Amino acid sequence: MSWDVIQQSLPEFAKGFRLTLWLSLIGIIGSVIVGIITSLVRYFRVPVISKILGAYVEIGRNTPLLIQLFFLYYGFPVMGLKLSAEASGIIGLIFLGGAYMAEGFSGGFNGISQAQINAGEALGMNRWQLARYVVLPQGLTLSVPAFSANVIFLIKETSIFSVIAIPELTNTALDLIGMYYRSNEYLLVLVIAYAIILIPLILLLDWLERRVRYGSFGD
Amino acid sequence: MADEILKVEHLNKFYGDWQALHDISFDLKKGEVVTLLGPSGSGKSTLIRTLNGLEPFKDGTISFKGQAIDPTIKNWQALRQEIGMVFQSYDLFPNLTVLDNILLAPTKVQKRPREEVKKEALELLERVHLADQVDSYPRQLSGGQKQRIAIVRALAMHPEVMLFDEVTASLDPEMVRGVLEIIKELSDRDHMTMIIVTHEMNFAAKIADKVLFLEDGRILEQTPGKQFFAHPQTERAQEFLSSMDF
Amino acid sequence: MAHSGISVLFEGTNFVRLLGGLWTAVWIAALSLVFGLILGTIFGLLRTMRNRLIRFILLLYLEFFRIVPTIVLLFLVYYILPRQFNINMPATWMAVLAFTLWVAAEFSDIVRGAIESVPQHQRESGLALGLTQWQLFRYVLLPQAFRLELPATINLATRVIKTTSLLMTISIMDVINVGQQIVEANNQSHPTGVFWVYGLIFILYFIVDYPLSVWAKHLTAKQKEI
């Protein structure tokens, strides 16, 4: 284990670190948007689209990100759609994450008691008003635990971008190992880098979960 | 003295700073039925749970058959084979059939031969009119049926004493009678020694040899059953009885 | 002259080779699950006991796996075992080792959660019958916990199967690695073959995983009814 080797690699890792954060952020935001829309469409059983999005959720959740990326990055160009590695990565992550988030939000929406919906309908709300004032606020609160798990999961999934040569953290470590054969040092830095991102985030999300639970159930 | 099965002396129980039981003393003789009465929150359930080691106590003594109980986990585990208990929420094991619920403790804890216990279990089930349910799972039974099985499950251990903690409190009214009849029969026919926490005043009046009336964790009155219902000694007990309106 | 890409799937032994690669992935997943579930049950039981030191160590163990991505785990085992400890075993066994430790961590949390969610009343009525702690675990808590944890366990299995897609990164001849070879060998004759090969692998993973996740959902729905 050599401190010099670690120190010299830090600028490279810093670049990978920023890219991991950046790709994660875009991926998570995109996944939340796709997830909310998908779960609302499914909740209100919008004809046809609801079925299509149902199939999407199952496909997204039951196939690995790596093969989704290979399909996008290597498979699509021969059919005439050329995507950069970064674009493939983000599209793949949102495809995957959107399905997971949709499933999580659906769980929350289905957890709302029927009495709440009836109360809203009795007040003369239309579907959009029901969604805006009853389903979304209560359902999103109920799905906070699933949301937290998905956020952590998606950040860890960005490590798979390394296989299509996006220079995020894991790819940076593999490149350095390939060049200098110092696997112990680089893997150590890699693990610490993920810990720096994830430990504060896990604590933050745990706190959020407790806050939300307290807010809605008072215990 | 010889026929005293359970003796409680100067028992105090605390939850943190709050005292749940104050200087409780009473005894229970062989074949005797004691009912614990009192408003909710008076400490009846805490007391009966303490007698089975489900609530720890530090101050005071509980003696079983003349021996002061040293309240270690191991001692309680052994004693519970002689002190049966039935709860408000029946708590049959949902993963086991009726028969296996009954056989579990006698065969695993007491290591009695399965065939022998099974024969006895069938007889007990016959007595509570549930012989046809031996292979059912708890989810297939009504509340009243579950509670009758829970009583059989406790009896199969051959306990010296039975503790009943509000066993009819979560049953539908039409189920209550069947369960109470079984408890009454246990007293009349088998002379089972029992401590009963209940809100069924008619039942308590019929079965109690002795009533302990509790309020705020204290025994306010310790009176023979007939006398308690006819002439309660304390004003609080009079108020309590008239509020129960039975 | 370029053939239609889809035909590459059925030329020679290509299709059989792909299925063979899938089989490698499936048995690595199955073996890791068997070992991991056994180890995870033990860890989960230990985490419900009172010893604080053991609970703390197992919590650290779990958190490590919560933080480190699985692909990084594979690299840790792949690089560190041979170079640091001079342990040389086939890459497939290294993968089984990494997956087993990961499954054990995740499953220990599932077991702990399930045991703790068995109602307090159930414990008490077991104790009231004179059961010992061990008998209480063996006959009351574990069987009930098993039912509660089954859907989460199946979901974990689907994740392990999906994660086998990473095996190619440590040079295991899994379905994706076989696919890559077929693509490279036929690049001249079937330029669009790459689309169909990866498309087929995509579908194969779906075919393996989807029934499992339907089963898990069905069980969850059934438990909510009771």
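The table for this structure:
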quantity	calculated
Neighbourhood net charge (12 Å Cβ-Cβ; Lys/Arg +1, Asp/Glu -1) for A:S143	-2
Descending semi-axes in Å of chain C, equivalent ellipsoid built from Cα gyration tensor	42, 22, 11
Local net charge near B:S40, Cβ-Cβ under 12 Å (Lys/Arg +1, Asp/Glu -1)	-2
Relative contact order computed over chain B (Cα-Cα under 8 Å; 6+ residues apart), in percent	27 percent
P(r), alpha carbons of the stretch B:131-246 - 5 Å bins starting at zero, rounded %	2, 10, 19, 21, 18, 14, 8, 4, 3, 1, 0
Translational diffusion of chain B, µm² s⁻¹ [Kirkwood Rh, Cα pairs; Stokes-Einstein; 10 °C; 1.306 mPa s]	85 µm²/s
Average beta-carbon neighbours from other chains, 10 Å sphere, peptide C:209-219	2
Residue-averaged [θ]222 nm for chain B, counting only DSSP H segments that reach four residues, each worth -39500 (n - 2.57)	-11000 deg cm²/dmol
Angstrom value of the Kirkwood radius, inverse mean 1/r, which spans all Cα pairs in the stretch B:17-69	12.5 Å
q = 0.12, 0.21 Å⁻¹, the stretch A:91-219: log10 I(q)/I(0) [Debye, one scatterer per Cα]	-0.64, -1.18
Taking the C-alpha atoms of the stretch B:106-148, convex hull volume expressed per residue in Å³	85 Å³
Cα principal axis extents for the protein assembly as shown, largest first, Å	107, 68, 50
Förster radius 56 Å - calculated FRET efficiency between A:V46 and B:H10, Cβ distance, rounded to 0.05	0.20
Crossing angle, helix C:14-47 versus chain C [Cα axis fit, 0-90 degrees, rounded to tens]	20 degrees
Spatially proximal lysines relative to C:K217 (Cα-Cα < 29 Å; intrachain offsets below 8 disregarded)	A:K51, A:K156, C:K162
Cα-only Debye scattering, the stretch C:139-226: base-10 log of I(q)/I(0) at q = 0.16, 0.18, 0.25 Å⁻¹	-0.74, -0.84, -1.17
Average beta carbon contacts from partner chains per residue of B:43-55, 10 Å cutoff	1
Number of partner chain Cβ atoms within 10 Å, mean per residue of C:69-79	6
The stretch C:5-225: relative contact order as a whole-number percent, Cα under 8 Å and 6+ apart	33 percent
Shape category assigned to chain A from the gyration tensor of Cα positions, a/c cut at 1.5	oblate
Cubic angstrom per residue, convex hull over Cα atoms of the stretch B:1-42	77 Å³
Fewest-first ranking of C:L148, C:L166, C:L62, using other Cβ atoms within 10 Å as the exposure measure	C:L148, C:L62, C:L166
Under 13 Å, Cβ to Cβ, from B:V86 - net charge with Lys/Arg +1 and Asp/Glu -1	+1
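Read-outs: derived from the displayed coordinates by stated rules, not from any lab. Just so we're clear, the structure is a prediction, and the values are computed from it rather than from any experiment. So basically every Cβ, Gly included, is an ideal-geometry build from the backbone, and we count neighbours across all protein chains shown.
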